[in-house]
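Working notes, structure below.
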Amino acid sequence: MATPVIMPRQGQSVESCILTEWKVQPGDTVAEGDVLAVIETDKASFDLESTASGTVLELFWEADDDVPVLANVLVIGEEGENIDEFRPADSGGASVPEPVVTSTSDTSTPAVETTVQPQETIASTASSASVPSAGISPRARKKAMRAGVDAEILVGTGPGGRVIERDVDAFLAGSPRLSATARVRAQQDGLEAPVRGSGIAGMALASDMREPGAIDGADVTPVKGIRKLIADKMMQSLQGTAQLTLYSSFDATACQQYRKKRLADGESKVSINDLVAKAILSALKVHPEMNAHFLGDRLAVFHEVNLGIAVDSPRGLMVPVVEGASKMSLEMLSAEIKKKAIACRDGTIQPDDLSGGTFTLTNLGMLGVENFTPVLNPPEIAILGVGGISVKPKRQADGEISFVDQISLSLTIDHQAIDGAPAARFLQTFVNHLETHPGENPQTIEGEE
């Protein structure tokens, strides 16, 4: 009995997944648990596993299709089974239809509609070594004659391979003549010729033909999957928000001393990033207006902080969210950040863990970046960027100048939702916390300005 394999729901917030790569083809034999395809949500990638054993009868979608959750993706069963009931109405139709063969020896076959080709088309077909052709448009032929170009050698890009005016223009702009085999590859495989081929007088040979959009001296790959989603989201962020970035820095001496003291006291190890995350929670307790979403005509200020942590993963930038971070101790916060980061890099992060953030932290300091401008993660109204450590002079209370480790900060806000002054006050509170009592709970500085 034929069994469909559906697109699983990867979290309550996910309505569709991108089918990025097929691992099987129709006719393949699979067992339950075999990987059938690779699918992606807006940030995470997963394997689609078989829920049945048998033969792959049909694939209902193409690679890179956006497939609704719970839709049938393919069907598994025994050869010859009827699968029409499983075929989704809006699928891309990955299966290749079988060619229709018309027998010319059976005179009892009903008459088949034929189209009488113009004589110029027949001549063109005959002269192109049986290359499929739909002829040449009158305007293209006239333009080619004026320019002294044999229109019969051009590859057509019009309907059915018809040579049209733009094909003549492309040739005159420097496109080479095509050999007979190169012409076949152009028409049948959709390949294009370089500016100059390797044949005599620059003729493009079959070996010169390449994928459309190819660039000499470069590897060209399509932007798709997570990379395309990230690109789209970044453009939406910049186009839909009024982004303003404030820059500051803090003296890392107190943080470094605090970390050493924890180790000396036998407590768990924490990173500078953990202390920064804890300081964000402390500052947001004093400045809750920064812990918000801008929704166009509404502003949602949240009671609790769901802290997003930007993570560099093999699949691209991910922002897992530590829910209820404002209720966590430093140790709990540190452990949860590490757990979410590892899940992102291992590809096991769940889609629901990548949404719902109210404030985001991104840190490029470990990569040697001193300053950068972070991009907002809408609808959040703020994101804090942390740079690397650099040695800078600082005037002490007694007037003496000493050199200390400074860490740069960059706070990007949506100026539609928050002004520069309150954002600057948030930075002041944040810096003061890190320079005076890092690692302490938010309530210890309640009311601090």
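The values are calculated or read from the model by the stated rules, or taken from the named source; none is laboratory data. Since the structure is predicted, the reported quantities are computational estimates derived from the model, not experimental observations. Reconstructed Cβ throughout: ideal geometry from the backbone, glycine too, with neighbour counts over all protein chains shown.
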Taking Leu307 as the residue in question, decide whether it is touching a residue at least 40 places away in the same chain (Cβ under 8 Å) and under 16 Å from Leu411 (Cα atoms). yes
Filter result for Leu367 (in contact with a Gly (Cβ under 8 Å, 6 or more places away or on another chain) and closer than 30 Å to Arg315 by Cα): yes
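If you scan the range 386-426, which residues turn out to be surrounded by fewer than 20 Cβ atoms within 10 Å (Cβ to Cβ) and under 30 Å from Asp297 (Cα atoms)?
The answer is His415, Gln416, Asp419, Gly420, Ala421, Pro422, Ala424, Arg425.
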Might you let me know whether the range 200-220 holds any residue that is more than 30 Å from Ile153 (Cα to Cα), without any contact (Cβ under 8 Å) to a residue 40 or more places away in the chain and not small (Gly, Ala, Ser)? no
Sort through Val305, Val322, Val311 and tell me the only one that's under 22 Å from the mean Cα position of the chain (by Cα) and of a type in the set (A, V, I, L, M). Val311
Right, Ser249: in a strand (DSSP E or B), in contact (Cβ under 8 Å) with a residue 60 or more places away in the chain and of a type in the set (Gly, Ala, Ser) or not? yes
Between a residue in the range 323-346 that is touching a residue at least 60 places away in the same chain (Cβ under 8 Å) and any residue that is charged (D, E, K, R) and crowded, with 18+ Cβ neighbours inside 10 Å, which pairs come within a Cβ distance under 6 Å, given they are 6 or more apart or on different chains? Leu330/Lys278; Ser334/Asp274
Restricting attention to the range 331-363, which residues are under 29 Å from His415 (Cα atoms) and at pLDDT 95 or above? Ile337, Gly357, Thr358, Phe359, Thr360, Leu361, Thr362, Asn363
Within the range 10-47, can you find the residues that are modelled with pLDDT of 90 or more and either in a strand (DSSP E or B) or within 16 Å of the chain's Cα centre (by Cα) (or both)? Trp22, Thr29, Val30, Val35, Leu36, Ala37
For the range 252-264, enumerate the residues that are within 21 Å of Lys394 (Cβ to Cβ) and part of a helix (DSSP H, G or I). Thr253, Ala254, Cys255, Gln256, Gln257, Tyr258, Arg259, Lys260
For Arg196, are the conditions met, namely being modelled with pLDDT under 80, assigned to a helix (DSSP H, G or I), surrounded by 12 or more Cβ atoms within 10 Å (Cβ to Cβ) and outside the structural domain of Lys394 (by TED's automatic domain parsing)? no
With criteria (1) under 30 Å from Ser313 (Cβ atoms); (2) part of a helix (DSSP H, G or I); (3) modelled with pLDDT of 80 or more, Ile226 comes up short on (3)
Leu376 - would you say it is under 16 Å from Ala252 (Cβ atoms), under 35 Å from the mean Cα position of the chain (by Cα) and modelled with pLDDT of 95 or more? no
Unmet criterion (only one of (1) under 18 Å from the mean Cα position of the chain (by Cα); (2) within 22 Å of Glu440 (Cβ to Cβ)) for Ile337: (1)
